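Beneath this line is the structure, given in structure tokens, with notes to follow.
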Amino acid sequence: MLVDAETNATLKTNNLGYEIVKLLDGKKKKEDIQQAIISKFPEVEPEKIKRDAEEFLKKLELKGLVEIIPEKVFEKIWLFRSEVGSFTYYIDDEKKLLVDAGVLVKRKVDLIVITHCHFDHILFLNELKKINRCRVICGRKEKEAIEKLNEKVLLDRSPKALLPTKVDRVVKEGDFINIGTFNFKVLETPGHTNGSISLFEEKAEILFSGDAWFGENYQGRWIYPSGSKIESERTLERLKKLNPKILCPGHWNVVFRE
């Protein structure tokens, strides 16, 4: 399972790491792993174990050595919560679609739609495209950032090295991405970045909003390169009017309409 020299060296001197790897073979969730380790080492402060286990799992994920266990959102839709905080969604339709690429999803992928170019949403984009030979789609104003990794990507914050990735299709307001059962309408939703896009499935009333909207009055920060407070507030009001049954944002939690 482990082929990385640095991680192997860590495991040889780290009983905690060894126990974590054994537990990963059982596909346990992070919280289950932390609790099992706490029981295994009662002499160690539980909060320290939680912190160490979380840090170790994050390193394994960033090296592509462990798959995040997904949560079912809706029929055919799964959520992968990245250890760096961003969400990646897998839609298991006739064409297999990823919305964002913050996790090295080990499933067949035909299309990847990037909602915006920040590092935590393209963390494994290059690897996913190479493994699956899939097509990458993004908004018209994000293409250059993804292909050249300019200042919009926030590279200095990335926990791993990124590589430029070729974009295969650029979309604009009103375009559609049909993957079978689901037919997603592209919405240009600037503010967090000037090229951010969202996907809205009108029949199912499902909205993938990236970092444009997290529910209620919460929107993404506009302080980063190409961000705009005015645009962000306009986008927020627009998306709220859609009143989706299911809101799938880029962070925090999936929101279900009551």
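Binning the alpha carbon pair distances of the stretch 188-258 at 10 angstrom intervals from zero yields the distribution 23, 57, 18, 1, expressed in whole percent. The packing ranking of peptides 175-181, 119-125, highest mean first, is 119-125, 175-181, where packing means the average number of other beta carbon atoms within 10 angstrom of each residue. The listed residues Asp156, Asp32 rank as Asp156, Asp32 when sorted by accessible area, largest first, using a 1.4 Å probe.
Globularity index of the stretch 76-190 is 0.98 (Cα radius of gyration / 2.2 N^0.38 Å, N = number of residues).
For the stretch 111-236, the antiparallel share of DSSP beta bridges with both residues in that region comes to about 65%. Among the protein heavy atoms of the stretch 98-156, carbon and sulfur supply 48% of the accessible surface, probe 1.4 Å, non-protein parts ignored. Computed with a 1.4 Å probe over protein heavy atoms only, the accessible surface of the stretch 105-258 comes to 48 Å² per residue. When a 1.4 Å probe is rolled over the protein heavy atoms, the share of accessible surface on the stretch 167-258 that falls to carbon and sulfur comes to 48 percent.
Computed packing ranks the peptides 131-140, 229-238 as 131-140, 229-238, most packed first, by mean other Cβ atoms within 10 Å.
Peptides 80-92, 161-173 ranked from most to least packed, by the mean per-residue count of other Cβ atoms within 10 Å: 80-92, 161-173. The distance from the alpha carbon centre of the stretch 206-258 to that of the stretch 116-155 is 20 Å, rounded to a whole number.
The values are calculated or read from the model by the stated rules, or taken from the named source; none is laboratory data. Worth saying up front: this structure is predicted, and the values here are computed from it rather than measured. Ideal geometry is used to build each Cβ from the backbone, glycine not excepted, and the neighbour counts take in all protein chains shown. Heavy atoms of the whole protein, side chains included, go into the accessibility calculation; ligands, DNA and RNA do not. Shrake-Rupley method; radii C 1.70, N 1.55, O 1.52, S 1.80 Å.
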